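The values are calculated or read from the model by the stated rules, or taken from the named source; none is laboratory data. Since the structure is predicted, the reported quantities are computational estimates derived from the model, not experimental observations. Glycine gets a Cβ as well: all are built from the backbone with ideal geometry, and neighbour counts include every protein chain shown.
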Ligand code: NAD
Ligand code: WQD
């Protein structure tokens, strides 16, 4: 059993989800006491059971919604949280175009509720899940945190608006300590294969789609465009292993807690390396000894050709850098997929 430091009580919103579950696991391993608040709208509580099995530590789980102000109030009365890691949010770009009110309601109103209760109870340390989507179509590469922000869909706009809201809150009260972590493309799974990404419907993202094709769940991958100005014509992204991403949250949290003064900063979490769609397909086939049939299709509306991070700020401020390579991303994604072909809820 790990020794729990009672001064390390953390609220993790959305902690049953993909990135939240990996971060919760690492928090427990580092001796934090974790309370997860999740409405399970896009996840299963089984992820938390598996985290408990891996770590031998327990997670306090509250099934509930960040928009429920009375619930948040009760939670903050019950626990003396030192910080909040705020993952809870809806994240499907296409769905957000169809259902903007739901996305703004969930992501923005939910965050407003949360910061209100944090302020009331004097817990002003927050690590927020932002996204590289706030860079829109980047004017230059690699992408640095000072580049202009823009949004091309309601999901991205919700992240951009939340960043701006948090900046306003800090401008009004410099006791707040806030890090807006801008993730690039999270992939992979815990090496045990016990927790991983479990999309509810047809995956929107490349990596879960590749692994579902590899295991025969889907016939073939549609490669969206092979006429971009990239190494092989297909889109290039900065894929980051979810274990590295989770470690980035712990590093950000430690950084926040060490600051004497308030702070509100965006920080990229990526590897700084671009990988094309076809390169990823070929890596996946080679590392795992499987076939991933694909067909070239037209470009997907809204996609940019190339996107990768300048990740030096995270290293300079937190001493964090991504360690795991594309091989590990492919291996761990496949391990999770093989062990859980239907996800958490067969
Ligand atoms: P996920 O859907 O697996 O996790 C989000 C969790 O939040 C889910 O468990 C869901 O049930 C919960 N949730 C949603 N709305 C809630 C609400 N109102 N109250 C309580 N719980 C709620 O997604 P993820 O990939 O783990 O993403 C986590 C965060 O990171 C999200 O905010 C997402 O926008 C952001 N992000 C994700 C990616 C990515 O590609 N996965 C990239 C950049 C940013
Ligand atoms: C990657 C590459 C596709 C699926 C999205 C969100 C972004 C962020 C991360 C949350 C692109 C290509 C994909 C497929 C394909 N999420 N592709 N066939 O679009 O970079 O980012 O997830 O914040 O906001 O927009 O990720 O995984 O969807 O696509 O060819 O079936 O794979 O065109 O080049 P993306 P992705």
Cβ pairs under 8 Å, 6+ apart, first in the stretch 307-321 and over 17 Å from residue 237 (Cα atoms) and in contact (Cβ under 8 Å) with a residue 24 or more places away in the chain, second assigned to a helix (DSSP H, G or I) and within 16 Å of ligand 2 (Cβ to nearest atom)
314/248; 318/248; 320/248
Taking the stretch 122-141 on its own, how many of its residues are away from ligand 2 (no atom under 15 Å from the Cβ) and more than 17 Å from residue 163 (Cβ to Cβ)?
4
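Name the strands (runs of 3 or more DSSP E) wholly inside the stretch 237-346 in which the number of residues that are over 23 Å from residue 196 (Cβ atoms) is 1 or more. Walk me through it before giving the result.
On the way: elements: 239-241, 263-269, 294-297.
In the stretch 237-346, 263-269, 294-297 are the strands (runs of 3 or more DSSP E) which contain 1 or more residues that are over 23 Å from residue 196 (Cβ atoms).
Here are 119, 153: which of them is modelled with pLDDT of 95 or more, surrounded by fewer than 21 Cβ atoms within 10 Å (Cβ to Cβ), within 24 Å of residue 67 (Cα to Cα) and within 13 Å of ligand 2 (Cβ to nearest atom)?
Values: 119 fails: within 13 Å of ligand 2 (Cβ to nearest atom).
Checking each option against the conditions leaves just 153.
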Only one of 51, 66, 85, 62 is under 18 Å from residue 17 (Cβ atoms) and free of Cβ contacts under 8 Å to residues at least 40 places away in the same chain, namely 62
State whether the residues of the stretch 185-195 include one that is crowded, with 21+ Cβ neighbours inside 10 Å, away from ligand 1 (no atom under 11 Å from the Cβ) and part of a strand (DSSP E or B).
no
Please determine, by comparing only the residues of the stretch 67-105 that are within 14 Å of ligand 2 (Cβ to nearest atom) and assigned to a helix (DSSP H, G or I), which one is surrounded by the fewest Cβ atoms within 10 Å (Cβ to Cβ).
94
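Please verify whether residue 230 is touching a strand residue (DSSP E or B) at 6+ places or on another chain (Cβ under 7 Å), near ligand 2 (Cβ under 8 Å from one of its atoms) and part of a loop (DSSP other than H, G, I, E, B), treating the condition exactly as stated.
Numbers: touching a strand residue (DSSP E or B) at 6+ places or on another chain (Cβ under 7 Å): yes; near ligand 2 (Cβ under 8 Å from one of its atoms): no; part of a loop (DSSP other than H, G, I, E, B): yes.
Taking the combined requirement at face value, the residue does not satisfy it.
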Here are some conditions: (1) near ligand 2 (Cβ under 9 Å from one of its atoms); (2) modelled with pLDDT of 95 or more; (3) surrounded by fewer than 20 Cβ atoms within 10 Å (Cβ to Cβ). Residue 295 meets all but one. Which one does it not meet?
(1)
Identify all residues within the stretch 196-216 that are more than 18 Å from residue 280 (Cβ to Cβ) and buried (at least 21 other Cβ atoms within 10 Å of the Cβ); write none if there are none.
198
Residue 62 touching a helix residue (DSSP H, G or I) at 6+ places or on another chain (Cβ under 9 Å), within 16 Å of residue 13 (Cα to Cα) and not in a loop (DSSP other than H, G, I, E, B)
yes
Please give the number of the condition residue 284 fails out of (1) over 25 Å from residue 31 (Cβ atoms); (2) in contact with a strand residue (DSSP E or B) (Cβ under 8 Å, 6 or more places away or on another chain).
(2)
If a residue has to be away from ligand 2 (no atom under 11 Å from the Cβ) and farther than 22 Å from residue 302 by Cβ to count, how many in the stretch 192-224 make the cut?
12
From the set of residues in the stretch 161-184 that are over 13 Å from the mean Cα position of the chain (by Cα) and part of a strand (DSSP E or B), which is farthest from residue 269 (Cα to Cα)?
177
Identify, please: which residue in the stretch 121-141 is in a loop (DSSP other than H, G, I, E, B) and in contact with a helix residue (DSSP H, G or I) (Cβ under 9 Å, 6 or more places away or on another chain) and is, among those, farthest from residue 309 (Cα to Cα)?
121
Count of residues meeting criterion [modelled with pLDDT of 95 or more and assigned to a loop (DSSP other than H, G, I, E, B)] in the stretch 207-217
0
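Look through 40, 28 and report the one residue that is buried (at least 19 other Cβ atoms within 10 Å of the Cβ) and either more than 25 Å from residue 241 (Cβ to Cβ) or at pLDDT 95 or above (or both). I'd like the intermediate steps shown before the answer.
Values: 40 fails: buried (at least 19 other Cβ atoms within 10 Å of the Cβ).
Of the residues listed, the single one that is buried (at least 19 other Cβ atoms within 10 Å of the Cβ) and either more than 25 Å from residue 241 (Cβ to Cβ) or at pLDDT 95 or above (or both) is 28.
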